[in-house]
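Structure, as structure tokens:
The values are calculated or read from the model by the stated rules, or taken from the named source; none is laboratory data. Since the model is a prediction, treat every value here as computed from it, not as a measurement. Backbone-built Cβ (ideal geometry, glycine too); neighbour counts: all protein chains shown.
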Amino acid sequence: MRKITLLFSLMAFAFSIQGFAQFGCDSGVVITDGFTAMGITTPGDGGEEDWNDNPTDNPICGAINTSWKDDVYLFTYTAGTTDEKITMTTFSRSPWYGLGIFTTCTGTALNDCLDTVYSSSVGAINTVTANILAGQTVFIASGTNGPPNGLDFDVSAFSAVPLASPPVNDNCEDAEVITPSITGSEVWYTGTTISNTPSGEVLDADVSCGSFGSGRDVWYTVEVPAAGDITIVTQASSGSALTDTTMSVFSGSCGAMAGTEIACDDNSGVGNFSEIVLTGQVPGAILFVRVQEHDSAVSNSANDGAFEVSAHAVESTLSNVSFETNSLFTYYPNPVNDNIILNAQKEISNVSVYNMIGQEVYKNTPNSVNNAVDMSNLESGAYFIKVTIDNVTETVKVIKN
């Protein structure tokens, strides 16, 4: 008798796992890859599961927005550290059955469908699938909108398959270095927007052109050549579905990029690609280049793909102009604590010091062959000293202790 009672109790517990009452977005069953469940039921009219507010008033899934009008049974899933393709297959023993994947669920309202399927007949096999971002939580809802107004279904299969890893330059801290090439003989670097994620470095308001969308981006850095002029371009990559980029150039640093945009371009390149021409920049300064697919979707879409990017300048301005001999211009010490000494054989007409974001922090017109640059009040870090001698300008990088 005890064994029978225990068996009955275990069966009742197992049933309660599959058919426990739900109410609202916070009551969904958390699932993981490989999840299955048999005999999930809801009581129909008057049951607590009849909670979804918005299908009758607000179209959430186009023509089949009433699929969750009566009872709803909800699952939630959160992706891991990479983008994933999720797929759920169910077998429904009740008619008027809908299955959908939603990106938002607030209170008692489901919204933002990624995929849906609907069947009016008993015994239907239903499958939905979607690509979601790393760490993204989605809501997978079974629902019904007709007699007997209750659900009776199995989850035959649920899978979460990792997609391609994000690009190596997905985040600002991992920005890929672009070496400027010669105009007319450009060197192109291949990038991609496939599986990239929003870096969070900037918001829509920090990008002055194009359409920000979800903000999924990739990052590059480039050093300004000696003349201070540089052109940065994106173009199509053979066989790629990507046909439209938005590109911005920033003078900030990772973690402090907002508000430092120098230039932005959407369609000045070939087709709908981007081209930015910069002049008068600080030689040797490091610029950050942000590229995204125009109006990027929340997750990978048919518009994502590879692209090419290049930075180039006129050959005569590409490299630092050398003085006639090393003895014409010397500077020491480097690193420096207080003063850095400049010595030249010809008159030094101008000396300027710039920080890493291009701000001029010191300026002097010594008109002599020697000059002591006082850096004692500057914060520790890297600086660029721009020296003009006999109408020739050279920029050197120094470290302030």
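Take residue 103 and decide whether it is at pLDDT 90 or above and touching a Leu at 6+ places or on another chain (Cβ under 7 Å). Here the answer is yes, as residue 103 does meet what is asked.
Checking each residue in region 162-191 for being part of a strand (DSSP E or B) and surrounded by fewer than 13 Cβ atoms within 10 Å (Cβ to Cβ) picks out 177, 185, 190.
Among the residues of region 325-369, which ones are of a type in the set (Gly, Ala, Ser), within 45 Å of the chain's Cα centre (by Cα) and in a strand (DSSP E or B)?
To start, the set of residues in region 325-369 that are of a type in the set (Gly, Ala, Ser) comprises 327, 344, 349, 352, 358, 368.
Filter once more, so that each one left must be within 45 Å of the chain's Cα centre (by Cα): 352, 358.
Correct list: 352 only.
Filtered by the rule that a residue be in contact with a Gly (Cβ under 7 Å, 6 or more places away or on another chain) and either assigned to a strand (DSSP E or B) or not assigned by TED's automatic domain parsing to the domain that holds residue 187 (or both), region 224-241 gives 233, 234, 235, 236.
The one condition from (1) among the polar types (S, T, N, Q); (2) assigned to a loop (DSSP other than H, G, I, E, B); (3) closer than 28 Å to residue 396 by Cβ that residue 221 does not meet is (2).
Of 218, 155, which residue is modelled with pLDDT of 95 or more and either closer than 30 Å to residue 124 by Cα or in the same structural domain as residue 40 (by TED's automatic domain parsing) (or both)?
Numbers: 218 fails: either closer than 30 Å to residue 124 by Cα or in the same structural domain as residue 40 (by TED's automatic domain parsing) (or both).
Criteria check complete, one pass: 155.
Examine region 209-224 for a residue that is farther than 20 Å from residue 179 by Cβ, surrounded by fewer than 18 Cβ atoms within 10 Å (Cβ to Cβ) and out of contact with any strand residue (DSSP E or B) (no Cβ under 9 Å at 6 or more places or on another chain), and state whether such a residue exists. Checked region 209-224: no residue is farther than 20 Å from residue 179 by Cβ, surrounded by fewer than 18 Cβ atoms within 10 Å (Cβ to Cβ) and out of contact with any strand residue (DSSP E or B) (no Cβ under 9 Å at 6 or more places or on another chain). If you go through region 372-396 and keep only what is surrounded by fewer than 15 Cβ atoms within 10 Å (Cβ to Cβ) and among the charged types (D, E, K, R), you end up with 374, 379, 390. Consider region 264-317 and keep the residues that are surrounded by 22 or more Cβ atoms within 10 Å (Cβ to Cβ) and hydroxyl-bearing (Ser, Thr, Tyr). The one that is farthest from the chain's Cα centre (by Cα) is 274. Among the criteria (1) loosely packed, with under 15 Cβ neighbours inside 10 Å; (2) among the small types (Gly, Ala, Ser); (3) touching a helix residue (DSSP H, G or I) at 6+ places or on another chain (Cβ under 8 Å), the one residue 157 does not fulfil is (3). Residue count for region 242-286, restricted to those that are more than 21 Å from residue 201 (Cα to Cα) and either polar (S, T, N, Q) or assigned to a loop (DSSP other than H, G, I, E, B) (or both): 15. Going through (1) part of a strand (DSSP E or B); (2) modelled with pLDDT under 90 one by one, residue 308 falls short only on (2). For region 336-352, the set of residues classified as within 14 Å of residue 383 (Cβ to Cβ) and not aliphatic (A, V, I, L, M) consists of 337, 338, 339, 352, listed by residue number.
Just to be sure, is residue 150 surrounded by 15 or more Cβ atoms within 10 Å (Cβ to Cβ) and touching a Phe, Trp or Tyr at 6+ places or on another chain (Cβ under 7 Å)? No, not satisfied. Of the residues examined, residue 211 is not one that is under 21 Å from residue 310 (Cβ atoms) and not aliphatic (A, V, I, L, M).
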